[in-house]
Amino acid sequence: MTRVALITSGGDCQGLNAAMRGIGKALYNRISDLEIFGMYDGYRGLIDGDYKFMEPKDFSGILTEGGTILGTSRQRYIPGKDIVDEEGNSLIPVMKDTYNRLNLDCLVIMGGNGTQKSAKLLMDAGMNVVTLPKTIDNDIWGTDVTFGFQSAVDIATNVIDYIHSTASSHSRVFLVELMGRDAGWLTLNAGIGSGADIILIPEIPYDINKVTEAIERRRKMGSAFSILAVAEGAKSIDDQVLSEEESRRRREESKHSTISYEIADHIEKTLGREARVTIPGHYQRGGPPCPYDRVLATRFGTAAAELIVNRNYGRMVAMQNGEIVSIPLEEAASKTKFLPPDHPLIQVARDIGISFGD
Ligand code: F6P
């Protein structure tokens, strides 16, 4: 008997159900003596022993469904050390108890950056783990792409497409703030895909004077409106030196709730131009996966099943140069995949006159 538990952890994204469908269908096709447990709400299900048996029929009809049919949650994670409850008590022994009680062979964990790191802690504690890379941020080390990313790019691009006509009609400056606390992959791709004029991302600190200069340059050349694609984690050159804690405090003390409102205020005051902010927020993570993500999540799902069939644990499935591969989990969990400032796509943007405010 092979016993496998599925876990979707951290922020949701498009393609989680498609990935589970890929895993479940491939496992049921290949293993006759099999039990699949679906743990509810991410690690919470493993902590509380809250799960459902997933039969073959549970994996039908979910390919196009957004979110996760199992639910998800975030746990407190102490970097590289522990997963803890509100009082700071380690939850790893509790999770291991459930793992042993259910006689599991493997946990299949679908998650973003933080989840890859916490999954490694479970592996270190002696549990067999296979992970899949999911996040709209595309910032997981060791894979060219994560599922959810392309769906979010499509949505964010569409938002900026729609903003174009109203920005043009009113000759306004618009800032569209996109998700990406640490990495600018989504903003860069959506910005290029939608014809944004200025792209601000965490990896390239901006000079606010260069931003206003770029807007003025466009006006002088006859473009009365400008569109800025701004990652939520974009930082000015002055703020790049701040620690995470200092940045958080600075935002709390500021009268502007997000970076885009702060930049918009500056533009209005210095250029005397009307500036508006649009924040699609979690809309970017919602709804059905785009066809690319359905295929990618299915490929990752069947690759995870292959690892389980071969009892090849402690690995994350990944895409490298168009091929589906797997890499050691400790490598995937070792760092964040930031957008390199010399990435070819950044040069493409510069070549067509997009400003990064640097
Ligand atoms: O999924 C990643 C991400 O979208 C980040 O870009 C964003 O900052 C974060 O999740 C917000 O998620 P939540 O509101 O669920 O904490």
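The values are calculated or read from the model by the stated rules, or taken from the named source; none is laboratory data. Every value quoted in this text rests on a predicted model; they were computed, and no experiment measured them. Virtual Cβ from ideal backbone geometry, glycine too; neighbours counted across all protein chains shown. Only protein heavy atoms, including side chains, enter the accessible area calculation; ligands, DNA and RNA are left aside. Shrake-Rupley method; radii C 1.70, N 1.55, O 1.52, S 1.80 Å.
Residues in the range 313-358 that are part of a strand (DSSP E or B), open to solvent by 50 Å² or more (accessible area, probe 1.4 Å) and in contact (Cβ under 8 Å) with a residue 40 or more places away in the chain: how many?
2
Somewhere in the range 213-224, is a residue out of contact with any strand residue (DSSP E or B) (no Cβ under 7 Å at 6 or more places or on another chain), open to solvent by less than 50 Å² (accessible area, probe 1.4 Å) and assigned to a loop (DSSP other than H, G, I, E, B)?
First, pick out the residues of the range 213-224 that are out of contact with any strand residue (DSSP E or B) (no Cβ under 7 Å at 6 or more places or on another chain): 213, 216-217, 219-224.
Remaining after also requiring open to solvent by less than 50 Å² (accessible area, probe 1.4 Å): 216, 223-224.
Filter once more, keeping what is assigned to a loop (DSSP other than H, G, I, E, B): 223-224.
Looking for residues that are out of contact with any strand residue (DSSP E or B) (no Cβ under 7 Å at 6 or more places or on another chain), open to solvent by less than 50 Å² (accessible area, probe 1.4 Å) and assigned to a loop (DSSP other than H, G, I, E, B), one finds at least one in the range 213-224, hence yes.
I want to confirm something. Restricting to the range 166-181 and keeping residues that are buried (at least 19 other Cβ atoms within 10 Å of the Cβ) and within 13 Å of the chain's Cα centre (by Cα), which single residue is farthest from the ligand (Cβ to nearest atom)?
Restricting to residues being buried (at least 19 other Cβ atoms within 10 Å of the Cβ) and within 13 Å of the chain's Cα centre (by Cα), the top hit is Leu178.
Restricting to the range 67-94, name every residue that is farther than 20 Å from Ser334 by Cα, within 20 Å of the chain's Cα centre (by Cα) and either open to solvent by 70 Å² or more (accessible area, probe 1.4 Å) or among the β-branched types (Val, Ile, Thr) (or both).
Across the range 67-94, the qualifying residues are Thr68, Ile69, Thr72.
Glu268 passes all but one of (1) among the charged types (D, E, K, R); (2) in contact (Cβ under 8 Å) with a residue 60 or more places away in the chain; (3) part of a helix (DSSP H, G or I); (4) closer than 30 Å to His170 by Cβ; which number fails?
It fails just one condition, (2).
Would a scan of the range 71-86 turn up a residue that is closer than 17 Å to Ala18 by Cα and within 16 Å of the ligand (Cβ to nearest atom)?
Yes, there is a match, as at least one residue in the range 71-86 is closer than 17 Å to Ala18 by Cα and within 16 Å of the ligand (Cβ to nearest atom).
If Asp105 satisfies all but one of (1) among the acidic types (Asp, Glu); (2) out of contact with any Lys or Arg (no Cβ under 7 Å at 6 or more places or on another chain); (3) open to solvent by less than 40 Å² (accessible area, probe 1.4 Å), what's the number of the condition it fails?
Result: Asp105 fails condition (2) only.
I need the full set of residues from the range 246-260 which are at pLDDT 95 or above and touching a Ser or Thr at 6+ places or on another chain (Cβ under 9 Å), in order please.
Ile259, Ser260
Can you tell which of Ile201, Ile163, Ile237 is crowded, with 16+ Cβ neighbours inside 10 Å and either away from the ligand (no atom under 16 Å from the Cβ) or of a type in the set (Lys, Arg) (or both)?
Selected residue: Ile163, the only one of Ile201, Ile163, Ile237 that is crowded, with 16+ Cβ neighbours inside 10 Å and either away from the ligand (no atom under 16 Å from the Cβ) or of a type in the set (Lys, Arg) (or both).
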